[in-house]
Amino acid sequence: MAKGFNAKEYMEGATKNFKAKDFLINNGIIVVLVFIALFTGIRQPTFFSSGNLVNVIMNVAPRFIVACGVSGCLITKGTDLSAGRMVGLSACIAGTLLQKADYSGKFWPNLPNFGAWWILVVLLICIAVCMVFGFINGLVVSYLQVPAFIATLGMQLIVYGVCLVYTDATPIGGYRSDYTEVAKQLRFGGSKVGIPYLFLIALVVGIIIWFVYNQMTHGKYMYAIGGNEQAAEVSGVNTKKTKIIIYVTAAALYALGGFLFGAKSGGTSVNMGQGYELEAIAACTIGGVSVNGGIGRVSGVLIGVLVFELLKTCMQYLGVNTNYQYIVQGIVLVTAIALDIRKYIAKK
C-alpha cells in the first residue's frame, strides 16, 4: 500500500535542502543592499517618493539594455570591455546628427532639418556602426581565439580613438526636442507622474532577449557553449557563428543604450559611457549571470541592474562623497564575482 503524505517529513526534508547560511552568502549583496535601501528610506523619506522611483526607473532602463548585451558574452564565458565606449560612440553619433537647426555650435552646419523620421534613421546608423565593431569582436574571439578580455579591451581603445577622431573631443549639445522627448514620460490625464518611455523601450528589449535566450535555438547554443564549448561543438553547434552573433547583438544593444543615454542627458561627450561595462558586469553577476559561463537569466540581469542602481542612489541620498562611491562600487564588483566563483567551485 502506498505511503501517505507526511507533512512533518516533508518539512524536515525542505529544511535540510534549504541552507540559510548558503542562501545568505550567495545572495548577501542583495540582502545587504535591501537593508541599505530601507535605512535610506527611513533617513530620507523622499527616497521612496514617486519622483525618485521614476528617476531610478529612467536610470535603470538604458543600463538594463546594455547589461543584456554583456550578459550574452558572460554566459559564453566571455566578456565585453568595449561596451561603455560603444555606448559613448553611439551617443556622440546621435548627438551630432540630431542637433537643432538654429543651434550655434552645430556639428554639421549644413545638415538639413529632417522630419521626425530622421530620429529612427539616426538610431539605425548608430546600431549599424556599433555592429561593425561587434562583428570584429566576434571574429577575433571566435576565429583568432583571442581571449575575450584582451580582444574587447583592445576594441575599447579603438572605439574610444574613433570617437575622439570623429568628435575632436568637442562637447555636443543643442538637441532637437523630438529626440529628447524619448526620455520623457507617457502621462495619462492630468497626472504629474507617468510611465517613462525609457521603461517601455527597456521592457520590449527585455521580452525580446528573454524569448531569444529561452525559446530560440540560438539561446540553447549560447548556454551550451558556456557549459562546455568542446562538447557543444562536437554536438554540431556552430560555436564560431554563435559567438559572432552574440557580440554583434551585444553591440546593437550598446548602440540603443547610448542613443537613449544621449536623449536622457540632453548632451554628450567622448566620456559618455566610461565604465558602464564594469557596471554591467557587476549587475549581471549580482543577478546570477555566472562569469564561469552557462548560467544566467534576463530576470536576474534586471534585478542586478536595479540593485546596483539602488546602491548608487542610496549613497547619493546619504550624502556619501562621490570619490568613496567609486570605492564602494569596486568592492561590490569584486565581492559579486568572488561569490559567483564560490558557487561555481561548490558545484564541482
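None of the figures in this text is laboratory data; all of them are computed from the coordinates on show. Owing to the predicted nature of the structure, the values given are computational and were not obtained by experimental measurement.
Listing for the model above:
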| read-out | value |
| --- | --- |
| Volume per residue that the Cα convex hull of the range 69-173 spans, once the total is divided by residue count, Å³ | 101 Å³ |
| Cross-link table LYS243/LYS312; LYS184/LYS312; LYS106/LYS184; LYS106/LYS264, entries beyond 30 Å C-alpha to C-alpha | LYS243/LYS312 |
| Rg/Rh (Cα only; Kirkwood hydrodynamic radius) as it applies to the range 49-280 | 1.01 |
| Geometric extent, Cα atoms of the range 220-301 - Rg, Dmax (angstrom) | 15.7, 50 |
| Semi-axes of the equivalent ellipsoid for the range 110-221, Cα gyration tensor, largest first, Å | 32, 25, 13 |
| Acute angle (nearest 10 degrees) that the helix 83-97 long axis makes with the longest principal axis of the chain, alpha-carbon atoms | 30 degrees |
| Gyration tensor (Cα) of the range 270-315, equivalent ellipsoid semi-axes in angstrom | 20, 14, 8 |
| Cubic angstrom per residue, convex hull over Cα atoms of the range 49-103 | 105 Å³ |
| Between helix 239-265 and the chain: long-axis angle, C-alpha atoms, 0 to 90°, nearest 10 | 60 degrees |
| Theoretical ellipticity at 222 nm over the chain - DSSP helices of four or more residues, -39500 (n - 2.57) apiece, nearest 500 | -23500 deg cm²/dmol |
| Helix 217-227 vs. the chain, principal-axis angle (Cα, 0 to 90°, nearest 10) | 60 degrees |
